[in-house]
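> I have a structure here, written as structure tokens, and I will follow up with some questions on it.
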Ligand SMILES: [Zn+2]
């Protein structure tokens with residue numbers, strides 16, 4: 001889509017300037033007004049005016065003094081991260097819970113129960129979980145500003161509709177409208193990989209980066225792409241179905257109709273299937289390995305503890321993941337690959353196997369500058385991502401209101 005290039009009236013200029021100032025504070029805090037003026041190109045008077053208004057509204061505060069260039073020391077300002085709190089709901093993670101977060105992406109408290117059941121998730125389940133979290137002392141003592149929801153599947157972000165999610169057993173569910181009916185707070189919906197990448201861009205490893213790829217590994221695999229400083233979502237918002245890129249044309253059949261997809265070879269489901277097959281072989285039984293379910297996190301934990309069979313399985317999946325990562329690096333030439341989703345920073349056997357497999361395959365010239373790292377958010381990626389999604393919208397509103 002071509003970028004709109006139209007003239008701006010004075011109201012639009014005002015909003016644009018306020019957004020600019022807010023963004024500079026967020027990414028450089030704590031910061032002096034003089035430094036904000038330098039980074040935004042606005043006059044000192046304009047910056048002073050805007051910052052005073054933000055302080056009046058209570059979401060920016062003064063905090064100590066910066067270095068003096070001669071004369072009085074200038075005051076530093078920063079976002080008052082405790083001044084607003086938000087509800088985040090993660091339907092994509094292994095935990096599927098609601099939580100409260102502050103403006104800095106810190107989890108203040110989390111719901112006790114997992115949302116939904118093995119049969120799937122209903123709107124009533126989500127509403128119950130949100131009500132539970134709104135009833136905590138943390139929510140009652142703060143200023144709740146909205147509800148952010150992370151969902152798996154194919155998502156139409158503009159209408160807040162989940163078009164298809166096998167994990168939730170949803171088809172064409174207008175989830176944003178369905179939740180919004182129950183609450184006065186604004187509700188925002190985002191696809192798991194897009195919001196997880198947003199979390200990295202706002203609070204994590206991709207801060208101030210231009211080209212980064214977030215690899216979401218769970219039962220399935222998908223990617224979020226930050227390209228030339230923008231989250232790339234594709235022509236219809238569905239970019240990133242990396243789990244169905246085939247890396248073994250002779251591999252096992254996939255439900256998508258192809259063979260040897262990333263998802264079949266390198267996901268948590270793949271680890272689970274390999275472990276089930278290994279157990280069955282050890283016991284000398286025959287039959288469908290899918291009949292027995294092995295928790296992939298148990299396999300990852302056993303690999304960390306040094307169990308030889310678990311290590312073999314985890315390394316195998318990690319090597320396949322590395323093949324996919326090398327392909328991504330060769331195509332996109334990113335600065336950073338973030339391994340996240342349901343993968344935890346402590347899954348070092350899996351992460352290291354993926355990293356060394358990727359680096360042994362990538363074109364040296366393309367991959368020499370890339371860093372492959374685990375997301376520091378671990379299983380909270382969906383919650384932190386939902387909060388980043390919400391803050392982005394809320395801060396835009398705050399910048400627009402005077
Ligand atoms: Zn597939």
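No value in this document is a laboratory result; all are computed from the given coordinates. Just so it is clear, the structure is predicted and the values come from calculations on it, not from any experiment. Using ideal geometry, Cβ is built from the backbone for each residue, glycine included, and neighbour counts are taken over all protein chains shown.
> If you rank 83, 10 by fewest surrounding Cβ atoms within 10 Å, what's the result?
10, 83
> Of the DSSP beta bridges with both residues in the range 205-376, give the percent that are antiparallel, rounding to the nearest 5.
50 percent
> Calculate the spin-label point distance for residue 235 paired with residue 23, positioning each point 7 Å from the Cα along the beta-carbon direction, and give it in nanometres.
That separation, rounded to one decimal, is 2.8 nm.
> Under 18 Å from a point 7 Å along the Cα-to-Cβ line of residue 396: which residues of the range 116-150 have their amide N that close?
145-150
> Still on this structure: I'd like the distance separating the alpha-carbon centroids of the range 42-102 and the range 225-247, in whole Å.
Cα centres, the range 42-102 to the range 225-247: 31 Å.
> In addition: Please determine, in degrees from 0 to 90 and to the nearest 10, the orientation of helix 348-361 with respect to the longest principal axis defined by the Cα atoms of the chain, where the helix direction is its Cα long axis.
So the helix axis and the longest Cα principal axis differ by about 90 degrees.
> Grab the DSSP H runs of the chain that are 4 residues or longer, score each as -39,500 (n - 2.57), total them, divide by all residues and round the 222 nm result to the nearest 500 deg cm²/dmol.
Estimated from H runs of four or more residues: -13000 deg cm²/dmol.
> For the chain, what proportion of DSSP beta bridges, expressed in % and rounded to the nearest 5, is antiparallel?
Roughly 60 percent of the DSSP beta bridges within the chain come out antiparallel.
> If I take R0 = 35 Å and measure r between the Cβ atoms of residue 297 and residue 123 in this structure, what FRET efficiency does the formula 1/(1 + (r/R0)^6) give, to the nearest 0.05?
0.80
> Could you tell me how many degrees, from 0 to 90 and to the nearest 10, lie between the Cα long axis of helix 381-400 and the main elongation axis, the longest principal axis, of the Cα atoms of the chain?
Between helix and principal axis, roughly 20 degrees.
> OK, next. For the chain, just say rounded, prolate or oblate: build the C-alpha gyration tensor, square-root its eigenvalues into a ≥ b ≥ c, call rounded for a/c under 1.5, and beyond that prolate if a/b exceeds b/c, oblate if not.
prolate
> Over the chain, with a Gaussian network built from C-alpha contacts below 10 Å, which listed residue (71, 322, 148) shows the highest mean-square fluctuation?
Of 71, 322, 148, the most mobile in the Gaussian network model is 71.
> Now a separate question. Where does helix 44-57 land angle-wise versus the long Cα axis of the chain, in degrees 0 to 90, nearest 10?
For helix 44-57, the angle is close to 70 degrees.
> Quick check for you: which residues of the range 53-71 have the amide N under 18 Å from the point 7 Å beyond the Cα of residue 45 toward its beta carbon?
53
> Given 0.36 nm per residue, what is the gain on full extension from residue 67 to residue 112 after removing their alpha carbon distance, in nm?
The residue 67-residue 112 span can extend by a further 11.6 nm.
> For the chain, modelled as a GNM with alpha-carbon contacts under 10 angstrom, which of 282, 308, 386 fluctuates the most?
Maximum fluctuation in the GNM of the chain, among the listed residues, is at 282.
> Just 280, 355, 110 to compare: in a GNM of the chain, with alpha carbon springs under 10 Å, which one fluctuates most?
Most flexible of the set in this elastic network: 280.
> Arrange the following residues from fewest to most other Cβ atoms within 10 Å of their Cβ: 375, 68, 278, 235.
235, 68, 278, 375
> Right, another one. Give the order of 311, 18, 114, 61 when sorted by the count of other beta carbons within 10 angstrom, beginning with the fewest.
114, 61, 311, 18
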